Amino acid sequence: MPAAGIAPGGSGKEYPGNLTPFVTVTCIVAAMGGLIFGYDIGISGGVTSMDSFLRDFFPSVYRKKHADATVNQYCQYDSQTLTMFTSSLYLAALLSSIVASTVTRVFGRKLSMLFGGLLFFAGALVNGFAKAVWMLILGRILLGFGIGFANQSVPLYLSEMAPYRYRGALNIGFQLSITVGILVANVLNFFFNKIAGGWGWRLSLGGAMVPALIITVGSLVLPDTPNSMIERGRADEARSALRRIRGVDDVDDEFSDLVAATEQSRLVEHPWTDLLQRKYRPHLAMAVCIPFFQQLTGINAIMFYAPVLFNSIGFGADASLMSAVITGIVNVCATMVSIYGVDKWGRRFLFLEGGVQMLICQAVVAACIGAKFGVDGDPGELPKWYSIIVVMFICIYVAGFAWSWGPLGWLVPSEIFPLEIRSAAQSVTVSVNMIFTFAVAQIFLMMLCRLKFGLFLFFAFFVVAMSIFVYFFLPETKGIPIEEMGRVWRSHWYWSRFVEAEAGQGNGNLEMGGKVA
Ligand code: BGC
């Protein structure tokens with residue numbers, strides 16, 4: 001069978017080290033960097049379904065929404081400025097992740113996190129006090145700058161800090177924070193929407209200052225990763241930091257591998273252009289394909305627009321926000337399943353199981369919506385059981401994503417790049433993620449309006465494609481030390497032809513199906 005990678009815990013090295021309280025606390029604090037991203041994802045969907053917010057800033061949408069109940073339900077939210085509001089952030093995040101690549105490499109992971117927190121704080125401030133659409137957009141651009149820095153540096157930080165046996169679980173702390181951020185935002189939207197006078201949206205948007213402060217303060221107290229210290233010429237400090245992080249004195253093996261990785265990385269002067277070299281082809285392919293596929297699961301159609309979507313398919317305003325809270329809870333709980341299983345069952349199992357689960361749900365939801373709304377978007381009277389089934393399958397879909405592509409979309413890229421291209425490649429991952437988050441945000445409302453229930457089939461097609469991709473091209477990375485990752489490519493039926501065998505480190509395998517389990 002061509003697909004499997006090397007057996008975890010196989011012939012490779014085993015560094016001594018424990019899951020110390022120090023590393024656990026450090027990783028929990030750093031993972032909170034995901035809160036800002038999550039809070040924003042949850043907030044934007046909620047405020048855009050609040051009447052007072054629409055009336056003040058997007059009057060045409062407001063009018064359309066209230067004009068005529070017989071109007072095509074698929075199309076009531078289709079507006080360019082509203083879409084621009086949601087998606088401007090992602091373009092900003094894309095740009096800043098490129099700048100963050102240099103900051104992270106040259107000045108350390110912590111400084112990027114600090115910038116992330118500060119910029120996000122500034123954005124929240126501007127948004128909370130917004131008086132005009134331009135202020136909203138400016139605020140979102142600042143938020144986006146913050147997210148670019150945080151998403152570039154936090155996953156790398158976590159993967160470098162964690163003992164390799166627990167790397168999956170600790171790294172997924174980032175995704176857990178994203179999901180907690182989304183949930184908190186959904187709950188707050190639900191309550192703020194009820195504030196008399198209709199200014200609750202200011203609290204929703206301004207509330208982003210809280211997660212911003214958490215990551216700002218966190219970045220000031222966190223230690224830097226040993227990998228980054230060595231990279232910046234502070235080897236002695238790095239050795240004692242490593243002892244403290246791993247909780248053992250004997251860190252020589254790991255330390256010398258880190259030093260070797262750093263020497264290798266010194267040879268690289270232009271990480272961006274080097275990324276294009278043939279030997280980095282598997283890494284580049286993953287840096288692009290993983291975030292691309294993550295977004296093409298269609299998850300953000302649900303995350304950004306859950307209230308809008310539920311509203312469109314017949315729920316009242318309150319019920320819509322409430323359903324978004326339910327999907328938020330499912331998202332958090334299912335992410336915990338992933339934390340539990342990722343270092344036991346492996347990445348590939350979760351990816352493939354999650355894919356099948358999402359596919360089934362997308363087909364069912366498409367069929368339900370198609371059956372009731374048809375192509376004219378007029379559902380007539382909607383029975384209660386119908387709404388329950390739609391929400392239930394959306395929840396099962398969210399769970400599938402939340403233990404597969406959600407966390408692994410950030411974990412896998414952060415653990416597969418060699419140090420010399422790690423920072424640049426991670427920026428590629430963030431940028432691609434943001435471009436396609438942007439694209440989905442831009443086209444979702446338009447596609448809902450034009451493709452109608454077919455939209456869910458569109459995403460289902462990509463779920464099939466990504467599962468095939470994982471099956472054939474993604475090697476298992478569970479239980480492999482991060483600086484040892486080279487061997488998964490060297491023993492892969494396809495990727496081995498791109499990476500050269502290094503002396504004493506096994507041979508490349510040019511034949512399909514040769515050396516693999
Ligand atoms: C994705 C986001 C998504 C979130 C949902 C993240 O991993 O990058 O785009 O909204 O998961 O939980």
Of the residues in segment 269-303, those that are of a type in the set (Ser, Thr, Tyr) and more than 16 Å from the ligand (Cβ to nearest atom) number 2
Selection from segment 119-141 of residues of a type in the set (Phe, Trp, Tyr) and part of a helix (DSSP H, G or I) yields Phe120, Phe121, Trp134
Over segment 19-47, the set of residues assigned to a loop (DSSP other than H, G, I, E, B) and buried (at least 24 other Cβ atoms within 10 Å of the Cβ) is Met32
By residue number, the members of segment 131-179 that are over 14 Å from Val29 (Cα atoms) and of a type in the set (Val, Ile, Thr) are Val133, Ile137, Ile141, Ile147, Thr179
Restricting attention to segment 193-212, the residues that are without any contact (Cβ under 8 Å) to a residue 60 or more places away in the chain and buried (at least 24 other Cβ atoms within 10 Å of the Cβ) number exactly 0
Cβ pairs under 6 Å, 6+ apart or interchain, first in segment 153-177 and farther than 20 Å from Pro226 by Cα, second crowded, with 24+ Cβ neighbours inside 10 Å and among the acidic types (Asp, Glu), ordered by first then second residue, are none
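Filter segment 185-202 down to residues that are of a type in the set (A, V, I, L, M) and under 26 Å from Val398 (Cβ atoms) and give me whichever is farthest from the ligand (Cβ to nearest atom).
Initially, segment 185-202 is screened for residues of a type in the set (A, V, I, L, M), giving 185, 187-188, 195-196.
In the following step, the residues that additionally are under 26 Å from Val398 (Cβ atoms) were identified as 185, 187-188.
Numbers: Ala185: 11, Val187: 15, Leu188: 17 Å.
Going through the qualifying residues, I end up with Leu188.
Among the candidates Leu143, Leu119, which residue alone is away from the ligand (no atom under 15 Å from the Cβ), farther than 17 Å from Gly406 by Cα and among the aliphatic types (A, V, I, L, M)? Let's see the steps before the verdict.
Values: Leu143 fails: away from the ligand (no atom under 15 Å from the Cβ).
Answer to the check: Leu119.
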Residue pairs qualifying under the 7 Å Cβ cut-off, at least six apart or on distinct chains, with the first in segment 404-425 being outside any helix (DSSP H, G or I) and the second being of a type in the set (A, V, I, L, M, F, W, C) and away from the ligand (no atom under 16 Å from the Cβ), are Phe417/Ala425; Pro418/Ala261
Of the residues in segment 472-482 that are assigned to a helix (DSSP H, G or I) and under 21 Å from the mean Cα position of the chain (by Cα), the one that is farthest from Arg281 (Cα to Cα) is Ile482
#### Entry: Selection status of Ile182, more than 16 Å from the ligand (Cβ to nearest atom) and β-branched (Val, Ile, Thr)
no
Checked segment 154-191 for anything closer than 30 Å to Thr48 by Cβ, in contact with a Phe, Trp or Tyr (Cβ under 9 Å, 6 or more places away or on another chain) and surrounded by 24 or more Cβ atoms within 10 Å (Cβ to Cβ); matches are Val154, Pro155, Ile172, Phe174, Gln175, Ser177, Ile178, Gly181, Ile182, Ala185, Asn189
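Can Val432 be described as modelled with pLDDT of 95 or more, in a helix (DSSP H, G or I), away from the ligand (no atom under 12 Å from the Cβ) and within 30 Å of Val488 (Cα to Cα)?
Numbers: modelled with pLDDT of 95 or more: yes; in a helix (DSSP H, G or I): yes; away from the ligand (no atom under 12 Å from the Cβ): no; within 30 Å of Val488 (Cα to Cα): yes.
Taking the combined requirement at face value, the residue does not satisfy it.
The values are calculated or read from the model by the stated rules, or taken from the named source; none is laboratory data. Treat the numbers as computed from the prediction; the structure is a model and nothing was measured. All Cβ positions, glycine included, derive from the backbone under ideal geometry; neighbour counts span all protein chains shown.
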